[in-house]
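Report on the structure given below.
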Amino acid sequence: MSEDVAPHTHFQYADARHQADSAIAGMWLFLATEVLFFGGLILTWIFCRHWQPEGFTAGAHETVLWIGTTNLALLLTSSFVYALGQAAIEVGRVRMLVWCCALTAGIGVVFIGLKLLEWHIDLDEHLWPAAARFKLEGGEAAGGRLFWVFYFVATALHAVHMAIGIVAVAWIALRARRGDFGAHWHTPVTVVGLYWSFVDMVWVVLYPLIYVVGRLT
Amino acid sequence: MSQTVTATRALSYLEDGKTLRSWLLTTDHKRIAILYALSITVFFFIGGSAAALIRYNLITPEGALRSAETYNRLFTMHGVIMVWFFLVPAAPVTIGNFVIPLMIGARDLAFPKINLMSWYLFMAGGACALYALFAGGVDTGWTFYAPLSSNYAQGHVVAVVAGIFISGFSTIATGLNFVVTIHRLRAPGLTWYRLPVFIWSFYATSVIFLLATPVLAITLVLLSFERIFHVGVFDPRIGGDPLLFQHMFWFYSHPAVYIMVLPGMGIVSQIIPCFSRKELFGYKFVVWCSIAIAVIGFFVWGHHMFVSGQSPYASIVFSLLSYFVAVPSAIKVFNWLGTMHKGRIHFNAPMIYALGFVGLFTSGGLTGLFLAALAADVHLHDTYFVIAHFHFIMVGGMVSAYFAALHFWWPKITGRMYPETIARGAALLMFLGFNFTFLPQYILGYLGMPRRYHSYPPEFQVLNVLSSAGASILAAAYALPLFYLTWSLFRGERAPRNPWRATGLEWTTDSPPITKNFLVTPTVTSGPYDYNDPHTKLADV
Ligand SMILES: [Cu+2]
C-alpha cells in the first residue's frame, strides 16, 4: 500500500483507503445534521398545515406547478448524470467525469434560473407573505400567508444548498481536468456526489409539500 | 495505523513554528485547542462581567442600576455569551480537542482543516454576537421567546441570532470531527470497552451536537424571518403558534444542558480514579449511563413548558421522562463515590475541583427533580429556584469540571507544573464562593422571588446581599487561576511525561507533545483504569 500513502493521505491515516472511508463517513454524518435541519422545517410546516388546512390549500393552488415539476425532473436528471460521472472515474475515464460534472452544474444553474423566474412570478402575483395587499383574502388569508412564509423559507434554503452544490461540482470538474482523480483515488468525487444527491432528495420531499398536497385536497 | 513518523529532533508542538501565521493557519488539534481556549476565556470574562453587574444591581431592592431596560440587556448578554460562547463549546473545543486524539493514540483529528474552520466560524459568530451586544444589546433573555423577540423586543435580535446560528455550525463541525475520529482513528488494540469514559462522554456530547444543533438553527432562521418581515410561523395573528417556538427551542436547549455537563462527567471520571489510585468503579455502567443520558435527554424538553398551557397529558409524560433521565446521572454519582471508597485519596487541585463537581452537580440534579414535579413547578417556575438549580449544574458543576481538566492536563498542554498550594486554595475558594452565591438563591426562589426582575420587595434584601457578596468571592476565585497559570507558563517547574502517574495514552507521550503526538503508533493491551498501585505516593502530595 505504500504507494498509496504519499500523495493524498494526511499523516493521521494509515493509508488512502482509511482516509477515504473516514471522509465518506464524515459526509454521511453531515447529511444527518441536514436531515434534522430540513426535518425541523418540514415538521413545523405539517404542524401548521394541520391547524389551517383551508389557507394552506388555497396558498398551494397559487404555486407555479410547471416550474416546480420541471425543476424536479431537472434535479433527478442531474443526480443521474453525476452518478454516470462517478461510475466513469471508477474505471479511470477522467474526460467523462469532467463532462458529467459540467452537465450537472449546468443543470443546477438552470434550476436556479427557473427558481428566480418562479419567485419573480410569485412576487408579481402579490404572494409575498408580508405584502400589504396579499393576493388571498377572507378566511384563507391568514393560512395562505403562513403557507407562503414556509414556501419562501424552504425554497430559499434549498437554493442556498443548490448554489453551494454547484460550486462544489464545478470544483470537482476543475480538479478532474487538472488530473487529480483516477480509478484508484477519487474520494472528493464521492463526497460531493453524496451532498448533491441529498440536495436533490430535499427537493423530492419539498415538491409534494409545495405543489401537490394542496392541489389534491 | 502502522505508519511511523520519522523526526530528526522531536520538536514540541509549541516550538514547531513561532510566527503568528503558524498559529492562525495551523491544523494541529493541539494548537487549535489553544486558540479556542484563549477565545473562550475572553468570552467567559465578558459574560462574567455582565453577571457581576447583575449581582451589583440586586444589592438594593429598587435596583442599583436604576434602569430596568439596562438590567434586561445585561442578563440577556450574560445568558447568550455564557451559554453559546462559553459553556456549550468550552470543554469539547479546548480539552476535548487537545486530549481526544492523544487519548486514542491518533496523530490528529479526522478532519484537521474542518477543525480550524470551526474556530473561524466560532470567532465570526462571536463577533456578530458581541457587535450586537455592545451596539445596544438585546432584552429578550437568552431564550428568545416569540412573540417578544419577533415583534416587541428592542435591539439587535437578528445579529445576535445570526451569531448563535454561525457558532452552531462550528460546534456541529467539532462534533462531526470527534465522532469520525473516535470511530476511525483509535490505536490498535483500543477496543470500545478499553476507551476511557472521557472518550465515551465526549462521543455522547458530539452526537447531541449533531442531532440537536440543526433544529436550533432552523428555529433561529424562522425567528429571524419573522423579526425582519413581521410575518412568520410563530405569529398567532396568521395562525402561527408561539408555543411552537418554545417546543423547537427546548428541543435543542434541553439536550444542550447535557452538551454542557456530559464532558464534565467524562473529565471527573478520569480524575477521580487517578487521585484515588483505584480503578473506576462500574466502568460499563458509567459508559452506558452517558449514552442513556444523551438518548433520554432528547425526550424531556417539555418540562420547561409546564405552565405554558401545553397539554397536561404531555406534561405528565415529560415529567416522568425527566425523572428517568435523573437515574443514569445518579448512577454515575454512586460510581464516583464507589471509586473513592477505600481508595488512597490525594487532594491535589484537580481532585478538589472534581469533588466540587460531584457535590454541586448532585445538588443541582436533585433540585431539578423538584422542578420536574408538575405541582411543585407551578410554584417554582421562573423563580430564583430555577436560576440556582441550573447554575449549580452548569457553573458549579461544569465550570468546576473545566477547571479540574485544565489543571489535570495543564502539565501535558504546557509542559509546566502549576503551583499546587495556591491552586488548591483557588479550588476551595471557588467551591465556597459558589455556594455562598447560589444557596441563598434557592431560598429566594422558594420564597417567590421571580427571575429577570430588576427590583424586588425589601424583605428579600438580606439574601440578595449575601448572594452578591458570594459572587465577589467567586469572581476572585475565577481570577486567581488566570494569574498563577499564566505565571506557571514562565516560571512553573518543567513537567515530566506523567506527573500524576495516570493511566492513558496521553501520558505516554512527551509534555508538551510533539506535533505528530506519537513517534510510533502505540498499541493498547489493557483496560483504561489499570491503577493496581494502591500504595503509590504521588510526588508533592
Ligand atoms: Cu430541561
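The values are calculated or read from the model by the stated rules, or taken from the named source; none is laboratory data. Nothing here was measured: the structure is a model prediction, and the numbers come from that model. Virtual Cβ from ideal backbone geometry, glycine too; neighbours counted across all protein chains shown. When the accessible area is computed, the model is the full protein with side chains, heavy atoms only, and any ligands, DNA or RNA have been set aside. Shrake-Rupley method; radii C 1.70, N 1.55, O 1.52, S 1.80 Å.
Please indicate, with yes or no, whether at least one residue in the range A:113-133 is within 14 Å of chain B (Cβ to nearest Cβ), part of a helix (DSSP H, G or I) and either over 29 Å from B:Arg227 (Cβ atoms) or not hydrophobic (A, V, I, L, M, F, W, C) (or both).
No: zero hits.
Answer yes if at least one residue in the range B:282-296 is away from the ligand (no atom under 16 Å from the Cβ), buried (at least 20 other Cβ atoms within 10 Å of the Cβ), closer than 30 Å to B:Gln246 by Cα and within 24 Å of the chain's Cα centre (by Cα), and no otherwise.
Yes, the conditions are met somewhere in the range B:282-296.
Which condition does A:Gly92 not pass, out of (1) on the phi < 0 side of the Ramachandran plot; (2) more than 8 Å from chain B (Cβ to nearest Cβ), if it passes all the others?
(1)
A quick yes/no check of all residues on (1) among the hydrophobic types (A, V, I, L, M, F, W, C); (2) in contact with a strand residue (DSSP E or B) (Cβ under 6 Å, 6 or more places away or on another chain); (3) surrounded by 19 or more Cβ atoms within 10 Å (Cβ to Cβ):
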site	(1), (2), (3)
B:Ser22	no, no, no
B:His29	no, no, yes
B:Ile32	yes, no, yes
B:Pro61	no, no, no
B:Thr70	no, no, no
B:Thr76	no, yes, yes
B:Val80	yes, no, yes
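Condition check ((1) part of a loop (DSSP other than H, G, I, E, B); (2) closer than 30 Å to B:Tyr145 by Cα) across all residues:
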residue: B:Ala292; (1), (2): no, yes
residue: B:Gln310; (1), (2): yes, yes
residue: B:Val325; (1), (2): no, yes
residue: B:Ser329; (1), (2): no, yes
residue: B:Gly338; (1), (2): no, no
residue: B:Gly343; (1), (2): yes, no
residue: B:Pro350; (1), (2): no, no
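When you scan the range A:93-121, how many residues do you find that are open to solvent by less than 40 Å² (accessible area, probe 1.4 Å) and under 15 Å from A:Ile172 (Cα atoms)?
Here the count works out to 8.
Give the range A:156-191 a look and list any residue that's away from every other protein chain (no Cβ under 13 Å), open to solvent by 20 Å² or more (accessible area, probe 1.4 Å) and hydrophobic (A, V, I, L, M, F, W, C), or say none.
A:Ala163, A:Ile166, A:Val167, A:Ala168, A:Ala170, A:Trp171, A:Leu174, A:Ala183, A:Trp185
Those residues that are aromatic (Phe, Trp, Tyr) and at the interface with chain A (Cβ under 9 Å from one of its Cβ atoms), I need them from the range B:190-233; list them, please.
B:Phe209, B:Phe225, B:Phe229
Within the range B:234-262, can you find the residues that are more than 10 Å from every other protein chain (Cβ to nearest Cβ), more than 14 Å from the ligand (Cβ to nearest atom) and not aliphatic (A, V, I, L, M)?
Residue satisfying the conditions is B:Pro242 alone.
Given the conditions (1) within 14 Å of chain A (Cβ to nearest Cβ); (2) more than 16 Å from the ligand (Cβ to nearest atom); (3) buried (at least 24 other Cβ atoms within 10 Å of the Cβ); (4) not charged (D, E, K, R), and given that B:Met265 satisfies all but one, which numbered condition is not satisfied?
So the condition that B:Met265 fails would be (1).
Identify the residue in the range B:367-392 that is within 16 Å of the ligand (Cβ to nearest atom) and surrounded by 24 or more Cβ atoms within 10 Å (Cβ to Cβ) and, among all such residues, is nearest to the chain's Cα centre (by Cα).
So, considering only residues that are within 16 Å of the ligand (Cβ to nearest atom) and surrounded by 24 or more Cβ atoms within 10 Å (Cβ to Cβ), the one nearest to the chain's Cα centre (by Cα) is B:Phe392.
Would you point out which residue out of B:Ile208, B:Ile182, B:Ile199 is within 16 Å of the ligand (Cβ to nearest atom), within 22 Å of the chain's Cα centre (by Cα) and closer than 27 Å to B:Gly504 by Cα?
B:Ile208
Tell me whether the range A:144-155 contains one or more residues that are open to solvent by less than 40 Å² (accessible area, probe 1.4 Å), within 14 Å of chain B (Cβ to nearest Cβ) and touching a Lys or Arg at 6+ places or on another chain (Cβ under 6 Å).
No: the range A:144-155 contains no residue that is open to solvent by less than 40 Å² (accessible area, probe 1.4 Å), within 14 Å of chain B (Cβ to nearest Cβ) and touching a Lys or Arg at 6+ places or on another chain (Cβ under 6 Å).
Where the second residue is assigned to a helix (DSSP H, G or I) and among the basic types (Lys, Arg) and the first is under 22 Å from B:Val231 (Cα atoms) and lies in the range A:147-171, which pairs have Cβ atoms under 6 Å and are six or more apart or on separate chains?
Note: pairs meeting the criteria are A:Ala159/A:Lys115.
Sort out which residues of the range A:41-61 are open to solvent by 10 Å² or more (accessible area, probe 1.4 Å) and within 9 Å of chain B (Cβ to nearest Cβ), and write them in order of number.
Result: A:Leu43, A:Phe47, A:Trp51, A:Gln52.
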